[in-house]
Amino acid sequence: MTTTSKEYAEALFELAVPDEQTEEVSAGLETVISAIRQTPEYGKLLASAAIGKEARIAALDEAFSGKVPKALMGVLRMMVARGHISSLEAMAREYDELARQYHGEVVARVTSAVPLKEAEAVAIRQTLEKKLSRRVTLRCRIDPSLIGGVRVEADGKVIDGSIRNKLEQIKDVMNS
């Protein structure tokens with residue numbers, strides 16, 4: 001994450017909290033990002049230095065004014081005006097993390113060698129919720145190099161139960 005995206009996320013979060021609009025802003029960010037992904041030309045237009053900043057802001061207003069919270073529109077206008085709209089997705093990730101922390105949620109990144117079955121994911125989530133005493137959202141990804149098992153990162157802690165990690169530990173012991 002860049003410092004720029006983090007600063008925009010923090011500013012947006014500070015605007016959303018007093019009005020209790022953290023969830024509405026999250027939904028608005030999803031709407032804007034989805035629109036830009038569906039129409040890459042629109043994203044290029046918003047980021048283009050060849051087009052005047054007033055025209056780019058007008059295009060942003062035309063597409064989203066009244067459809068997303070005012071606080072979000074203000075930050076988006078600033079990002080377009082300063083040529084930082086390309087940092088939107090990184091900013092949204094930062095904002096999402098701030099909103100989850102605010103609501104007492106933890107995002108757990110679960111990496112496995114093969115896709116987790118629904119029951120396995122539910123069991124991991126429930127176990128983490130008991131350990132952390134907070135609501136947990138899983139972000140799962142696949143990494144075949146783990147060979148088997150899972151690696152979980154949550155709340156600043158790492159639990160590595162992968163076969164690759166166990167093999168590395170055995171190798172370290174044998175080389176000592």
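Every number here is computed from the coordinates shown, using simple stated rules; none is lab data. Note that the structure is a prediction, hence the values are computed from the model and not measured. Using ideal geometry, Cβ is built from the backbone for each residue, glycine included, and neighbour counts are taken over all protein chains shown.
Here are the numbers:
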item: Crossing angle, helix 88-102 versus the chain [Cα axis fit, 0-90 degrees, rounded to tens]; result: 60 degrees
item: Rounded D (µm²/s) - the stretch 104-175, Kirkwood Rh over Cα pairs, Stokes-Einstein at 37 °C, 0.692 mPa s; result: 257 µm²/s
item: Sequence of M174, M78 once ranked by neighbouring C-beta atoms within 10 Å, starting from the fewest; result: M174, M78
item: Space enclosed by the convex hull of the alpha-carbon atoms of the stretch 3-100, per residue, Å³; result: 81 Å³
item: 3J(HN,Hα) from dihedral phi, the stretch 153-158, Karplus parametrisation 6.51/-1.76/1.60, rounded to Hz, x for glycine, proline; result: 10, 8, 6, x, 10, 10
item: Most mobile of V75, V122, V136 in a GNM of the chain (Cα contacts under 10 Å); result: V122
item: Estimated FRET transfer efficiency (K53, R125; beta-carbon r; R0 45 Å; 0.05); result: 0.50
item: Length released on extending from D61 to I142, taking residue separation times 0.36 nm less the Cα-Cα span; result: 25.3 nm
item: C-alpha long axis of helix 22-38 to longest principal axis of the chain, angle in °; result: 80 degrees
item: Count of lysine pairs in the stretch 1-125 with Cα separation under 22 Å (8 or more residues apart, or interchain); result: 6
item: Under the Debye formula (equal points on every Cα, no solvent term), log10 I(q)/I(0) of the chain at q = 0.13, 0.16 Å⁻¹; result: -0.78, -0.97
